[in-house]
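Colleague: Supplied in structure tokens, the structure appears directly below.
The values are calculated or read from the model by the stated rules, or taken from the named source; none is laboratory data. Remember, it's a predicted structure, so these values are computed and weren't measured experimentally. Don't worry about glycine lacking a Cβ; one is built from the backbone with ideal geometry, like all the others, and counts go over all protein chains shown.
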Amino acid sequence: MTDIARPAEVAHQPGEFLGHPKGLFILFFAEMWERFSYYGMRALLIFYLVQHWMFSDSEASIIYGAYTALVYITPVVGGYLADRYLGQRKAVLFGAILLTFGHFFMAFEGDGGQSTPIINVFWLALALIIVGSGFLKANISVIVGQLYPRTDVRRDGAYTIFYMGINLGAAGGSLLCGYLGQTYGWAYGFGLAGIGMLAGLAVFVWGKPLLLGRGEPADPERLKQRAGGLPFEWWMYVVGLALVALCWVLIQYQNLIGYLLGGFGLLLVAYVIVVAVLRLPSDDRDRIFAALFLILTSIIFWALFEQAGSSLNLFTDRHVDRGGVPASMFQSINAIYIILLAPLFATLWTWLGRRGLEPSTPMKFGLGVVQVGLGFLVLVYGAQVVGIDVATPVLFIFLIYLLHTTGELCLSPVGLSAMNRLAPAHMASLIMGTWFFASATGNFAAGLIAAATGAEGLEGATAGKEVVLGVYETVGLAAMAIGVGVMVVSPLIKKLMHLDTLKDDTVDDDLEGRREVGEPQAAGIHPSMRPGS
């Protein structure tokens, strides 16, 4: 057995680079270009909806929220099919192909307005990107973990490198695609996003030998078996295309997504509570209740944080002294702040933890919500102090993104780590799915909040600005109050977590799968920490 397992694996290993398997850097560049295309397109989307397809601010915001919500739902299907049948590599490849087509289809702009048939190509492009993200999003980060043995001390460093690729791509895409799209034309911005995705696909295909056979299907023979005249593997792709068709419908009828999130969300939470009450011992039951509290708190955070791509993007375009810089380029600020601040936060938590001063997870959640609310209040103050009828200084845009990013670093990676710690091994996937479902709900709620900032029917830019600032002041104060409330009850939630009785099981494969996600997250650097990652 030893001759087959470890030595053979090492003998065929095609060398390392900077102390890591070369396959890591294949995944780094593939994900970097995928994030380049995704965030480049995202930076332009709200403007494309309002200025080209002529949707109102409210309509465009709801479409944007529905789109980002679906991006969080489809990984459930993509991850399931990869784990059960396709393997992660084939799922990533299929997702990358869908994404490439989707981004290129975004460049077919037609004459604009909602009466042109070309708008159906736009809906198809969004559906392809949604489903492509669903197949690629979670699975590529799983392959990163598979490149290393379970006890390899390089694992956290690998996720740090991979995470840097995500944020480099996000920042670069927002800057370059945003600049081209708003300076030379939509087709140039979206076309560059498509070229970026094609580059990521090419790198992933070219680098297959360097992945050391990781991410392959558990049962390759099953995929070759024919059913209905097609190999079983092709039926998996048919399911993916059927999901594209479903998303093509849902993105046009956003109310359906609201009903889906509301109905399914209630059933999911009810199921988790029933399982916790009826099947779990008291400590595990309490931990599930603590996890649900954190999950519900995260919905509030994401509903406000995700104003960045919709209402805040429009506010920056219309009411901020940008010095001639296209508004979409400001979408890069969050990614740049993440690159700069995440290592500092990881070091800070470690330093405080060694001295017994690290805030509890619920306290960090409260701090995160307070900061996202404070960000809006700082922007409102900045706009009012110079005068409503005067362009807001760009400094306050940098400040709101700074506060939102520090809030994100208090909540998002910490929350992912908490889900892995609090859930029993047999409920790990269910709790993590509930966490991401809450993120989808928060994104959809963000669209509804952004819709409330719409200034349709009002005369003059000043009146529209007052509406936006009024909404921002309301949600900012509400977030501050909720965040303080979370901080007040944090000792009770911490008590429900029963950290003193947590047990570490290094044998259970399910738990190991959780650790592949959980360890880097505890350091605040896991690639899945960001909303669109």
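Colleague: Could you tell me whether Ala276 is small (Gly, Ala, Ser), free of Cβ contacts under 8 Å to residues at least 40 places away in the same chain and closer than 23 Å to Gln88 by Cα? Give the derivation first.
Modeller: Numbers: small (Gly, Ala, Ser): yes; free of Cβ contacts under 8 Å to residues at least 40 places away in the same chain: yes; closer than 23 Å to Gln88 by Cα: no.
Spelling it out, it is not the case that Ala276 is small (Gly, Ala, Ser), free of Cβ contacts under 8 Å to residues at least 40 places away in the same chain and closer than 23 Å to Gln88 by Cα.
Colleague: Give me a count of the residues in segment 18-33 that are small (Gly, Ala, Ser) and over 18 Å from Gly132 (Cα atoms). Full working, then the answer.
Modeller: Of all residues in segment 18-33, those small (Gly, Ala, Ser) come to 19, 23, 30.
So of that shortlist, the ones also over 18 Å from Gly132 (Cα atoms) come out as 19, 23.
Of the residues in segment 18-33, 2 are small (Gly, Ala, Ser) and over 18 Å from Gly132 (Cα atoms).
Colleague: Next question, about the same structure. Say whether the condition of being under 20 Å from Gly200 (Cβ atoms) and at pLDDT 90 or above is met by at least one residue in segment 154-162.
Modeller: No, the conditions are met nowhere in segment 154-162.
Colleague: Cβ-Cβ under 8 Å, sequence separation 6+ or interchain: first residue in segment 199-213 and under 8 Å from Ile26 (Cα atoms), partner loosely packed, with under 14 Cβ neighbours inside 10 Å. Which pairs?
Modeller: The qualifying pairs are Leu210/Pro14.
Colleague: Looking only at segment 220-251, count how many residues are in contact with a Phe, Trp or Tyr (Cβ under 8 Å, 6 or more places away or on another chain) and surrounded by fewer than 16 Cβ atoms within 10 Å (Cβ to Cβ).
Modeller: 6
Colleague: Having 2 or more residues that are within 17 Å of Met32 (Cα to Cα) is the bar; report the helices (runs of 4 or more DSSP H) wholly within segment 129-230 that clear it. So that I can check it myself, show each step before the final result.
Modeller: On the way: elements: 139-146, 155-183, 186-206, 220-224.
Ranges flagged: 139-146, 155-183, 186-206.
Colleague: Applying the selection to segment 113-128, what residues are in a helix (DSSP H, G or I) and not aromatic (Phe, Trp, Tyr)?
Modeller: Narrowing segment 113-128 to residues in a helix (DSSP H, G or I): 119-128.
Selection gives Ile119, Asn120, Val121, Leu124, Ala125, Leu126, Ala127, Leu128.
Colleague: Okay, moving on. Only one of (1) surrounded by fewer than 17 Cβ atoms within 10 Å (Cβ to Cβ); (2) in contact with a helix residue (DSSP H, G or I) (Cβ under 7 Å, 6 or more places away or on another chain); (3) modelled with pLDDT of 90 or more fails for Ser56. Which number is that?
Modeller: (2)
This table checks each residue for (1) at pLDDT below 85; (2) part of a loop (DSSP other than H, G, I, E, B).
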residue	(1), (2)
Lys465	no, no
Tyr472	no, no
Val475	no, no
Ile493	no, no
Asp500	no, no
Thr506	yes, yes
Glu512	yes, no
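Colleague: Identify the residue in segment 311-345 that is under 22 Å from the mean Cα position of the chain (by Cα) and closer than 17 Å to Ala383 by Cβ and, among all such residues, is surrounded by the most Cβ atoms within 10 Å (Cβ to Cβ). Break it down into steps so the answer makes sense when it comes.
Modeller: Pass one, segment 311-345, residues under 22 Å from the mean Cα position of the chain (by Cα): 311-314, 327-345.
Subset that is closer than 17 Å to Ala383 by Cβ: 311-314, 327, 330.
Numbers: Ser311: 26, Leu312: 29, Asn313: 25, Leu314: 24, Ala327: 22, Phe330: 24.
Looking at the filtered set, the residue picked out is Leu312.
Colleague: Name the pairs: first residue in segment 229-258 and in the same structural domain as Tyr67 (by TED's automatic domain parsing), second residue among the small types (Gly, Ala, Ser) and exposed (fewer than 12 other Cβ atoms within 10 Å of the Cβ), Cβ to Cβ under 9 Å, at least 6 apart or on different chains?
Modeller: These pairs meet every condition: Trp235/Ala227; Trp235/Gly228.
Colleague: For segment 103-124, which residues satisfy the criterion of being in contact with a Gly (Cβ under 6 Å, 6 or more places away or on another chain) and either in contact (Cβ under 8 Å) with a residue 40 or more places away in the chain or not assigned by TED's automatic domain parsing to the domain that holds Ala242 (or both)? Steps first, answer last, please.
Modeller: Filtering segment 103-124 for residues in contact with a Gly (Cβ under 6 Å, 6 or more places away or on another chain) gives 103-104, 107, 116, 118.
Result: His103, Phe104, Ala107.
Colleague: What is the one condition in (1) closer than 21 Å to Tyr85 by Cβ; (2) crowded, with 18+ Cβ neighbours inside 10 Å that Cys177 does not satisfy?
Modeller: (1)
Colleague: Can you give me the number of residues within segment 348-384 that are under 25 Å from His498 (Cβ atoms) and of a type in the set (A, V, I, L, M, F, W, C)?
Modeller: Applying the first criterion (under 25 Å from His498 (Cβ atoms)) to segment 348-384 yields 349-350, 352-369.
Restricting the remaining residues to those that are of a type in the set (A, V, I, L, M, F, W, C) gives 349, 352, 357, 363, 365, 367, 369.
So the answer is 7.
Colleague: Run down Phe122, Phe94, Phe104, Phe162 and say which single residue is within 18 Å of the chain's Cα centre (by Cα) and buried (at least 18 other Cβ atoms within 10 Å of the Cβ). Spell out how you get there, then give the answer.
Modeller: Values: Phe122 fails: within 18 Å of the chain's Cα centre (by Cα); Phe94 fails: within 18 Å of the chain's Cα centre (by Cα); Phe104 fails: within 18 Å of the chain's Cα centre (by Cα).
So the residue among Phe122, Phe94, Phe104, Phe162 that is within 18 Å of the chain's Cα centre (by Cα) and buried (at least 18 other Cβ atoms within 10 Å of the Cβ) is Phe162.
Colleague: I've got another one for you. Please give the number of the condition Ser311 fails out of (1) out of contact with any helix residue (DSSP H, G or I) (no Cβ under 6 Å at 6 or more places or on another chain); (2) hydroxyl-bearing (Ser, Thr, Tyr); (3) under 14 Å from His404 (Cβ atoms).
Modeller: (1)
Colleague: Could you tell me how many of the residues in segment 293-322 are in a helix (DSSP H, G or I) and either free of Cβ contacts under 8 Å to residues at least 24 places away in the same chain or small (Gly, Ala, Ser) (or both)? Can you show your working first?
Modeller: Narrowing segment 293-322 to residues in a helix (DSSP H, G or I): 293-305, 311-319.
Of the ones still in play, those that are also either free of Cβ contacts under 8 Å to residues at least 24 places away in the same chain or small (Gly, Ala, Ser) (or both) are 298, 303, 311.
The qualifying residues number 3.
Colleague: Here is a further query. Specify the residue that is modelled with the highest pLDDT; the eligible residues are those in segment 432-463 that are of a type outside the set (A, V, I, L, M) and surrounded by fewer than 17 Cβ atoms within 10 Å (Cβ to Cβ). Show your work before the answer.
Modeller: Just the residues of segment 432-463 that are of a type outside the set (A, V, I, L, M), to begin with: 433-437, 439, 441-444, 447, 453-454, 456-457, 459-460, 462.
Right, trim to surrounded by fewer than 17 Cβ atoms within 10 Å (Cβ to Cβ) and you get 456-457, 459-460, 462.
On the way: Glu456: 60, Gly457: 52, Glu459: 53, Gly460: 62, Thr462: 83.
Only one residue fits best here, namely Thr462.
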